[in-house]
Amino acid sequence: MYETQYHRASSVQDAVKQMEAAGEGKYVAGGMTLIPTMKQRLAAPSDLIDLRHIGEMQGITVSGRSVRIGAATTHHDVASSAALKAVCPALCSLAGHIGDPHVRHMGTIGGSIANNDPAADYPAAMLALGATIVTNRREIAADDFFTGLFETALEGSEIVTAITFDAPAQAAYQKFANPASRYAMAGVFVARRDDGDVRVAVTGAGANGVFRHGDMEAALVANWSPDALSNVSIDASELLSDIHADAAYRANLVKVMAKRAVAAA
Amino acid sequence: MAKVTMTVNGRQVSGHCDDRTLLVQFIRENLGLTGTHVGCDTSQCGACVIHMDGKSVKSCSILAAQADGSTITTIEGLAADGELHPVQAAFKANHGLQCGFCTPGMVMTAVDMIRRHQGQLDEATVRAELEGNICRCTGYHNIVKAILAAAAEMSGARVAAE
């Protein structure tokens, strides 16, 4: 790892101030992606500003069907929140299958979505739940937040402080994990609203990262059942192809995971 | 340089290290506690698992500076008064190790797992919970057996205490 300077932020405001004073700074929360990346010398921030101890970024609030999750909330805390499980068990289950128990004790929801790894699980949930990404400056619809591989709408020193959404009537997430890395080779989050609106978001498979699939959404609005997806075609030309799975295989996985998710919802 | 102060195995310790020093290096090199191992160094194998503020974490993926102010338990802190911790005893009784390299991480993982599940574990849960720990010798079979035995013993002990 290259040299770096560590700073612990006491508040969101303090973190922004420290970032603006830094050369090539990076925010770190759980660090479950960033620290290993720095160890491999694939990232070399001059300064690390630690968000993990900022109280206002912690915790889960559920009132009625409306959910707010502080960005520094760990995967473990999302997975084991009884209040969240009561309104949106799909998100608890998703969080409980990220990485391994030790990673879940450190990794945070805000870190995952700000990093926008094309194989990360949370971005699919944010899109399918129609979540709002709250930052220190503004609120960004999930549809506008994820802009490409490891790219988001976040600017310079902007910090994701929370995410909010209204719990759907039904939802589920299913992923086909790479047998070695356990990252999603295809992961599909489906969510259905009381008014019949359906969102389907796919992670792990898209060449440009997480995306919604309009044809699957339309098919499920017309008929909320796994069979409704049988005749939907998944365009392989927009999917990732690598040593783990070629695009055609991923296209098939996307449909199978979507069907399983609808069946599980 | 970072000045790091933490409580390790019940003892308050401080030391100076580079800001980029990993927690596992600090534990092994500054504190001389070499029971915590570095296996893969790529956050996959779990040989470096310790408890930070009561939760299992991979100390090779955390900076010592990030852990400043925390309470740490390493494998050296488990046995009390020369008596093996029930999980350590169960690994011994069930032959849950061969070369022993992954064992400190396995034991720390098992203690955390049993605590979170309040001793209520079945084989499938134990195997799923071992996702972040790799053993190249045992085929996991006796590790799973040891953890189930320890969980049964510890929850039995808890019932007896209540």
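A few remarks follow.
- Any hit, segment B:106-117, residues being in contact with an Asp or Glu (Cβ under 6 Å, 6 or more places away or on another chain), under 18 Å from A:Met106 (Cα atoms) and not assigned by TED's automatic domain parsing to the domain that holds B:Cys45: yes
- Selected residue (criterion: least open to solvent (accessible area, probe 1.4 Å)) from residues of segment B:100-115 that are in contact with a Ser or Thr (Cβ under 9 Å, 6 or more places away or on another chain) and more than 14 Å from B:Ala150 (Cα to Cα): B:Gly105
- Selected residue [in contact (Cβ under 8 Å) with a residue 12 or more places away in the chain and either closer than 29 Å to A:Glu56 by Cβ or surrounded by fewer than 23 Cβ atoms within 10 Å (Cβ to Cβ) (or both)] from A:Ala171, A:Ala186: A:Ala171
- Residues of segment A:1-28 that are touching a His at 6+ places or on another chain (Cβ under 8 Å) and open to solvent by 40 Å² or more (accessible area, probe 1.4 Å): A:Arg8, A:Ser10, A:Gln18.
- Taking segment B:16-26 as the range and being away from every other protein chain (no Cβ under 11 Å) and open to solvent by 10 Å² or more (accessible area, probe 1.4 Å) as the test, only B:His16 passes.
- A single entry from B:Gly54, B:Gly77, B:Gly39, B:Gly69 fulfils the requirement of being within 14 Å of chain A (Cβ to nearest Cβ), under 12 Å from the mean Cα position of the chain (by Cα) and open to solvent by 20 Å² or more (accessible area, probe 1.4 Å): B:Gly54.
- Hits in segment A:152-170 - residues which are more than 15 Å from the chain's Cα centre (by Cα) and modelled with pLDDT of 95 or more: A:Glu155, A:Ser157, A:Glu158, A:Ile159, A:Asp166, A:Ala167, A:Pro168, A:Ala169, A:Gln170
- Candidate set: segment A:223-258, residues that are closer than 16 Å to A:His213 by Cβ and open to solvent by 60 Å² or more (accessible area, probe 1.4 Å); chosen: the one nearest to the chain's Cα centre (by Cα): A:Glu238
- Looking at B:Val8, B:Val13, B:Val4, B:Val87, just one residue is within 14 Å of another protein chain (Cβ to nearest Cβ), crowded, with 16+ Cβ neighbours inside 10 Å and of a type in the set (A, V, I, L, M), and that residue is B:Val4.
The values are calculated or read from the model by the stated rules, or taken from the named source; none is laboratory data. These figures come from a predicted structure and were not determined experimentally. Note that we place each Cβ from the backbone using ideal geometry, even for glycine, and neighbour counts take in every protein chain shown. For the accessible areas, the whole protein counts, side chains as well, though only heavy atoms, and no ligand, DNA or RNA atoms are used. Shrake-Rupley method; radii C 1.70, N 1.55, O 1.52, S 1.80 Å.
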